[in-house]
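The values are calculated or read from the model by the stated rules, or taken from the named source; none is laboratory data. Since the model is a prediction, treat every value here as computed from it, not as a measurement. We place every Cβ from the backbone using ideal geometry, glycine too, and count neighbours over all the protein chains shown. Surface accessibility is based on the protein's heavy atoms, side chains included, excluding ligands, DNA and RNA. Shrake-Rupley method; radii C 1.70, N 1.55, O 1.52, S 1.80 Å.
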Amino acid sequence: MLGIAVTPAVAQQRYSSPDTVLITPNGDILDYVPDDRMRVMRDNRGRTVYVDDWGNVVATVMPADRYFARGGDDYRPRRDRYREVRGYPETSPDYFPPAPESDYGDELTTSSVPEMREALPGDIERQTLPDADFGGSQPLPDFNGNDDNAALPENGVDPNAEFVPGPKFVPATALGKLSSAEITALQVFLDREGYSPGVIDGKKGSNVTKAIEAWQNGTGETLDPNNADDILERLRLSGGMAFTTYEITAVDAAGPYVASIPNDYAEKAALPHLSYTSTIEMLAEKFHMDEAYLKDINPGVDFTIPGTIIKVVDTGEKKTGKVAKILADKGRKQVLAYDENGTLIAAYPASIGSADTPSPSGLVTVERIALNPGYTYNPKINFQQGANNKVLTLQPGPNGPVGTVWIALSKPTYGIHGTPEPSKIGKTQSHGCIRLTNWDATELAKMTSAGVTVEFVD
């Protein structure tokens, strides 16, 4: 369908000017002539893209000097492009740490979408969620316009369910007058430790306070969030300063991305994937950051140009361990993960239930885990969405109804899953399920297996 193979030069001469090249979604130069029927479109950043009959982006027109500057005489190893800006304290937004001892490579990626295909522990499936026994348990967005992506319970919740109180933590020290960079340093430290503050945004909030309290409970130590020197020393011991630099690659810039995510499920089903809508959205999730904050610390940067050096936070090594029990604390809006010794080893801000559709109380178990799941909409099982009265298959992606992870629970229609809107986690309600950021849900999934107990507490 796409024509005969020719040399890359011929393809480039026909479809691009001398100043541009055609780059595939994998970051390579297109090595064949696109079919004449191929559509020429503009993406949401104004770039020219070639799209096939199935809606897949085949190539993106990119500046030749930007692409080829990565090679030739101008090439410098990535570690040589890390630069230290002197004269600023290490918590300043203008601080750039020195180059690492070795190239970052895959170490800069996190437990989110870029690593969906790495080796997984036992009891984890990598497959489309089956319609037969999962269609009713797949969460759907709230179609009244609220920002919710979790499932409604089929039979409601027993109003006579026993009240199960959650654990009591020692209150955290109140945060004083801290700069945005100092709060970022605190958030990065907690994120590295596995006591997630949610999105890293350089702002105070309940998610940060809850993370400090969980960290103190899990470690037995006391953390003074206002002691900048102590936080910096803890950062140094856990992998280095909070801020680092990252070079945007051709693969980062090429995607694939979608122009926007529609609300209607029939329109969603027509998309080849429910992936990110922009490079900056992808990078923000990759580094556990709020999109607006990533833009703020990189003023004037065009995130679509390969070779651009941007400032990001360094989330360090991923949390590891084996989870034996999970508490879904509805009062704290937090998921607490314990090992077999009863030690709290990880905690994540969560959206859990609402007054209208509360989560259950009591014990359930993890039934199965699916990473990067597809989604089947069945109006006979799910809610009626708009005018859609047929079964629809939605492709996987971080902007899907359950994000990048589904941890199915033994109680029908309930699960722990990701979300397309990480900045709202812990600040909004859900329809009964447990919503985490995509990266937190993936980290928890990789430490959890089928049979793990999940207890809902108030």
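Okay, here's what the table says:
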read-out	value
Residue match in the range 274-281 (condition: more than 23 Å from Arg192 (Cα to Cα), open to solvent by less than 20 Å² (accessible area, probe 1.4 Å) and among the aliphatic types (A, V, I, L, M))	yes
Hits in the range 377-411 - residues which are within 23 Å of the chain's Cα centre (by Cα), open to solvent by 20 Å² or more (accessible area, probe 1.4 Å) and either of a type in the set (Asp, Glu) or under 16 Å from Glu267 (Cβ atoms) (or both)	Thr393, Gln395
Leu237 hydrophobic (A, V, I, L, M, F, W, C) and surrounded by fewer than 15 Cβ atoms within 10 Å (Cβ to Cβ)	yes
Neighbours by Cβ (under 9 Å, 6+ apart or cross-chain): first from the range 269-284, farther than 15 Å from Val251 by Cα and assigned to a loop (DSSP other than H, G, I, E, B); second open to solvent by less than 20 Å² (accessible area, probe 1.4 Å) and aromatic (Phe, Trp, Tyr)	Leu274/Tyr375
Number of positions in the range 382-404 that are hydrophobic (A, V, I, L, M, F, W, C) and part of a loop (DSSP other than H, G, I, E, B)	4
Test: Asn298 is free of Cβ contacts under 8 Å to residues at least 60 places away in the same chain and surrounded by fewer than 16 Cβ atoms within 10 Å (Cβ to Cβ)	no
Any hit, the range 187-195, residues being among the small types (Gly, Ala, Ser) and without any contact (Cβ under 8 Å) to a residue 40 or more places away in the chain	no
Those residues of the range 19-57 which are farther than 23 Å from Thr277 by Cβ, open to solvent by 40 Å² or more (accessible area, probe 1.4 Å) and modelled with pLDDT under 70, in sequence order	Asp31, Tyr32, Asp36, Arg37
Residue match in the range 195-214 (condition: at pLDDT 95 or above, basic (Lys, Arg), open to solvent by 30 Å² or more (accessible area, probe 1.4 Å) and outside any loop (DSSP other than H, G, I, E, B))	no
Residue in the range 309-332 that is nearest to Leu444 (Cα to Cα), counting only those that are at pLDDT below 95 and outside any loop (DSSP other than H, G, I, E, B)	Ala328
Within the range 166-194, tally of residues that are open to solvent by 10 Å² or more (accessible area, probe 1.4 Å) and farther than 21 Å from Asp296 by Cβ	12
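Per-residue answers, yes or no, for (1) at pLDDT below 90; (2) charged (D, E, K, R); (3) outside any loop (DSSP other than H, G, I, E, B); (4) in contact with a Pro (Cβ under 6 Å, 6 or more places away or on another chain):
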| position | (1), (2), (3), (4) |
| --- | --- |
| Ile416 | no, no, yes, no |
| Thr419 | yes, no, no, no |
| Lys427 | yes, yes, no, no |
| Gly432 | yes, no, no, yes |
| Ala441 | no, no, yes, no |
| Thr448 | no, no, no, no |
